[in-house]
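Engineer: Once you've had a glance at the structure underneath, I'll fire off some questions.
No lab work stands behind these numbers, since they all come straight from the coordinates. Computed from a predicted model, the values in this text were never measured in an experiment. Ideal geometry is used to build each Cβ from the backbone, glycine not excepted, and the neighbour counts take in all protein chains shown.
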Amino acid sequence: MRRQGVVFKLFVVTSIMILIVFSLVMVAEGLFFERFYRMSKIHALERNMNHFEDKYKLVESNKRQISRLLGSFMNDNDTSTSILNERFERISINPYFLELQTDSKTITIRIPTDGMELDAIPQGIQIDETLEVDGIFMDEDDTIMQLVDIQQKNEDLINGLTRVKGKVTDLMLPEQRSYNLLYQDTLIDEALQDWMPKLEQYESRLQNGSPVQMEWRDNWSGVQYAVLIQSLSESKNTDRYLIVMTSLQPVGEAVEILKRYFVYLAPVILMLIIILSLIYSRIVSRPLVTLNRAAKRLAKLDFTMEPEIHSKDEFGELSRNMISLSWNLDTTLKELTDMNVKLQAEMEEKQRSEQLRKELIGNISHELKTPLGIVKGFAEGLQDGVASDKRDRYLALIVNETDRMNALIMDMLELSKFEAEAIQLTLRSVSMTSLIQHVVDSFSHQLESKHLQCKLNKKEEEELFVKADSRRIEQVVLNLLSNAIRHAVENSVITISIERTSARKIYTVIENNGPPIAEDDLSRIWDQFYRGERSRDRKSGGTGLGLAIVKHILELHDSEFGVMNTNKGVAFSFTLYESGGEIHE
């Protein structure tokens with residue numbers, strides 16, 4: 001690696017920074033963390049025990065308040081806590097309880113700290129919640145009950161127990177405690193037995209109000225505990241002591257202690273990182289920022305770059321190469337752009353003209369070839385005097401084919417107006433029900449000739465109004481219904497359904513009973529002059545432009561339209577925006 005190279009600079013600066021930070025963290029963690037963890041935890045407990053003592057002096061004559069104070073202290077500090085008498089024996093106080101209001105009285109439910117599994121206490125019990133509790137009454141008035149089970153599945157009552165049901169008016173339950181909290185609460189007696197032989201050497205400290213601290217290990221689990229004992233206020237010439245036992249095993253709360261530890265260490269590390277980062281950034285980031293700015297200008301095809309980095313390392317070399325590249329690209333792209341614009345314009349114009357010419361010639365020749373041939377044949381026959389007795393029939397056929405060509409030409413003119421965007425809609429409130437009924441009535445002769453029925457379905461009794469150009473929508477319905485009649489089998493039913501959608505649109509479906517459309521043709525059926533089966537359309541008289549006109553009209557109305565094969569035939573559908581008007585055209 002060159003001494004002036006960027007690789008060497010990055011390697012040296014980065015290595016030194018990481019090594020310094022990593023070394024400091026590892027040394028501090030190895031020397032101080034365990035001690036810091038223990039001291040922080042014990043100091044916090046001693047401070048909270050002093051607060052407990054102050055509160056205890058205010059409520060020492062009220063057992064309910066003492067119970068609540070004890071339970072709150074255990075929850076807040078995640079400790080096993082008890083109050084001792086003058087002989088350092090545990091006083092029977094249930095820190096956790098429930099108070100239920102039945103129809104006739106208030107019952108206090110004691111939750112024992114031994115013999116009770118944590119899973120037996122439902123999570124999330126709230127004030128005013130109704131509970132059923134099984135237990136044993138502990139007084140003559142049946143107002144204090146020792147909890148055995150909180151019913152959650154309506155199990156049968158065990159002999160010897162009493163079941164009460166009431167609304168929760170007060171409670172103190174285990175919260176934010178360790179997983180084995182009820183087991184840990186039972187270890188206080190064992191810890192006291194090991195501590196009693198050492199009582200004499202600590203008694204004077206307790207009398208002076210100083211807390212006594214020791215460490216105790218549970219032989220069964222091997223977990224190390226810190227035990228603190230502190231004197232409380234004197235009441236009726238009787239001493240009271242507070243014993244607190246907490247686990248020193250770094251499980252859940254050790255993570256929080258670790259965060260506090262890094263809070264103290266973080267400013268030192270932060271200052272070192274800032275200082276080293278400033279040096280590092282001045283060496284590395286300035287040319288990188290400059291090159292990044294130049295690259296952004298190149299990405300936007302801005303080649304007006306000036307040399308900005310004059311160093312002899314890779315950054316300077318890269319900057320000079322980028323300047324040369326920008327000059328070359330600028331010249332080349334300008335030439336290519338000019339040539340490409342001209343070529344593209346010429347190609348598009350040629351392709352468009354050729355495509356239009358082919359489509360026009362092909363479509364017109366195809367559509368006019370057959371009727372012109374028919375007209376010519378019958379005209380020549382009349383001219384030669386052939387079958388003079390059929391003169392009227394030949395003339396009628398000539399007129400019919402002339403009308404067919406005239407309809408084709410009119411449709412082509414109509415379609416050209418849509419494609420040239422020369423059509424302006426006149427929107428108003430239109431009764432879709434009346435419009436469809438009017439169109440159906442106009443097809444009565446065609447329906448009778450094929451023995452067809454037209455059924456109009458709608459879910460609501462009132463008329464459905466749409467915001468549309470009535471003449472154009474009538475043209476849509478005419479084309480779709482005419483198409484449905486042409487391709488429907490005889491003696492079948494054409495169904496027209498109208499309904500309101502959740503998006504405040506009117507959804508219309510026209511479905512016939514007839515042969516389906518090939519799947520490949522469904523996406524192309526809206527194209528002009530497209531026919532899936534040409535011979536069928538010639539017989540039925542279609543021009544091949546009706547659906548193309550329908551497509552343009554519906555697009556001008558921002559309609560969602562489509563076609564699909566059903567179990568019995570083909571269904572065309574479209575939507576129109578609903579109108580709140582009452583006048584229709």
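Engineer: Return the Rg/Rh value of region 459-511, two decimal places, where both radii are evaluated on C-alpha atoms and Rh is the Kirkwood radius.
Structural biologist: 1.02
Engineer: I would also like to ask the following. Return the Rg/Rh value of region 423-577, two decimal places, where both radii are evaluated on C-alpha atoms and Rh is the Kirkwood radius.
Structural biologist: 0.94
Engineer: Counting other C-beta atoms within 10 Å, and keeping those with at most 15, which DSSP coil chymotrypsin sites (Phe, Trp or Tyr not before Pro) do you find in region 179-231?
Structural biologist: Y179, W220
Engineer: Packing-wise, with mean Cβ within 10 Å as the measure, how do 81-91, 479-489 rank, highest first?
Structural biologist: For the peptides 81-91, 479-489, the packing ranking is 479-489, 81-91.
Engineer: Work out, in µm²/s and without decimals, the Stokes-Einstein translational diffusion coefficient of region 79-253 at 10 °C, 1.306 mPa s, Rh from Kirkwood over C-alpha pairs.
Structural biologist: This corresponds to a translational diffusion coefficient of 87 µm²/s.
Engineer: What is the spin-label model distance, in nm, from I283 to L298 if the labels are put 7 Å beyond Cα along the C-beta direction?
Structural biologist: 2.6 nm
Engineer: Based on other C-beta atoms within 10 Å, arrange M339, M214 from fewest to most.
Structural biologist: With the sparsest Cβ surroundings first, the list reads M339, M214.
Engineer: Another question, if that's okay. Tell me, S40, S523 in order of fewest to most beta-carbon neighbours within 10 Å?
Structural biologist: Listing S40, S523 from fewest to most nearby Cβ atoms yields S523, S40.
Engineer: Stretched out fully, how many nm does the piece from S502 to K350 gain, at 0.36 nm a residue minus the Cα gap?
Structural biologist: 49.9 nm
Engineer: Then there is this: Using Cβ contacts closer than 10 Å as the measure, can you line up T495, T337 from fewest to most?
Structural biologist: The fewest-first ordering by Cβ neighbours comes to T337, T495.
Engineer: For region 455-507, state which GluC sites (Glu not before Pro) are in a DSSP loop and have at most 12 other beta carbons lying within 10 Å of their beta carbon.
Structural biologist: Passing sites in region 455-507 are E460, E461, E462, E490.
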